[in-house]
Structures are given as C-alpha cells and as structure tokens.
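Beneath this line is the structure, given in structure tokens, with notes to follow.
Here, each number is a calculation from the coordinates, and none is a lab measurement. These numbers come from a predicted model, not from an experiment. So basically every Cβ, Gly included, is an ideal-geometry build from the backbone, and we count neighbours across all protein chains shown.
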C-alpha cells in the first residue's frame, strides 16, 4: 500500500516543482520586509474563494465526480474566523457512486507579538463510501508561524480534541491533533499550498494531506490542480465493520476553477 501511495505522490510533486524556476527558490529564502497589521486585515472584512470542477478518486471509491467548495475568512482586529463547505458528488442513472460533504468552522485569536494564536475548530464530515457517517471533530489548541519568508510561510498547530463517528458502533474518542499549512507564492500568478493534519485516537488515526497549485487565468479567476489524500489506520464500511478489502488510503486528484474575492 505504501509503495502505491509513493508512486502516486512522488510524480505529482515532481511535476509541480518542475514548473518553477531557480529564481523562485532564491526568493523563497529572502526575509520578510513588511508585515500586515491587524488593522489592515480588519479593513478587508471578508475574503475567500468559490471553487468548482472535477475529481478523479482512487481507493475505496474509484470514480470521477463533481467537486464544489467555498471558503470564507472573516477578519477582525485580533481575530480571524474561517467558514468552509465542500462536497464531492456523483450520481449515475442507477446509483450514487460518490457522496461526501464537509463543513468546517474555525476561530483564531491572534497574538501578534509572538506570531502565534489560539484556536477552536469544529468539523463535520459525511463520506458515505469511506466509513465516515456524521463524523464530528472538535479541537482547540495553539498555533504559531514557524517560518516566514518574503513569498512563503509555514504555520503549525497542536492541540487536544474529541471525535465522534456514527458508522457502526458509533465510536467516540479523545484525540491529539497536529496540523501544518505551507504556502508559497511561486510567481506573480502561481501559488503552491500544502495543508496537512493528523488526528490520533486510540481506535483510529486519520491523516489528511492536500497539495494544490493555483495559476491565475484572468483577474480573480484561477485554475487549480490539487491532490488530496486521506489515510485511516482502521477503515470501516458504512455499517462500521472492518473489511480486509477496504483500502487504508483514499486519494482524489482535482482540476477546478477558482474565483477569489
């Protein structure tokens, strides 16, 4: 299984970095000259994007489906709230082959003097074909800007949480959560992002990774190529039963149009 994942991930990452010039790497390590103040962020009010396109899924679901996503950040002085909704759906004439919905609510209290913040996070996910039925995750903790350059940054998060899954025996357990977000402004028109999280519980460990390359087409419209992976140490079917035929790793490769505001 791990070999198959490497065969998918490694060519994808190499193809992304083959697009970048050597000058982009030089700029990556230059120090940050200007910081954005809380007041500047507060004046922006709301910012976000709407995304729509297609998925190609592998793992426990092998199909091409429709993808939609909206993510909104609400900036206040000292605070940032994030609201997100995403769905992956495919229905044929006879049956539904993919059905996944996810809602995320997050509040961050920023401590500007130390480039750190505290957060509260709530996730709801329903993945009909991946053993996640009304999966609810609640977490709180501490985050910080671990590294920043002129055109890139890395944020890290740690904290405890709680997870409930209604599939099968309705597992409820405490978790430890870690997360990272990396963003690189490769050029004036291209951005590379990596969003990673892992939730470790006694019954199951769920790890997610999303690598995306966005290229501006015209104005606020961009084209995004993304690769998403989710790993479960104990995958179950929708009835909550373990099955040797179930894959531990599910992947989605997406091509979407993104409108930023």
>> Taking the Cα centroid of the range 48-74 and of the range 150-194, what is the distance between the two, rounded to the nearest whole Å?
In response: 17 Å
>> Using the basic label-point model (7 angstrom from Cα toward the beta carbon), what is the residue 47 to residue 208 distance in nanometres?
In response: 2.2 nm
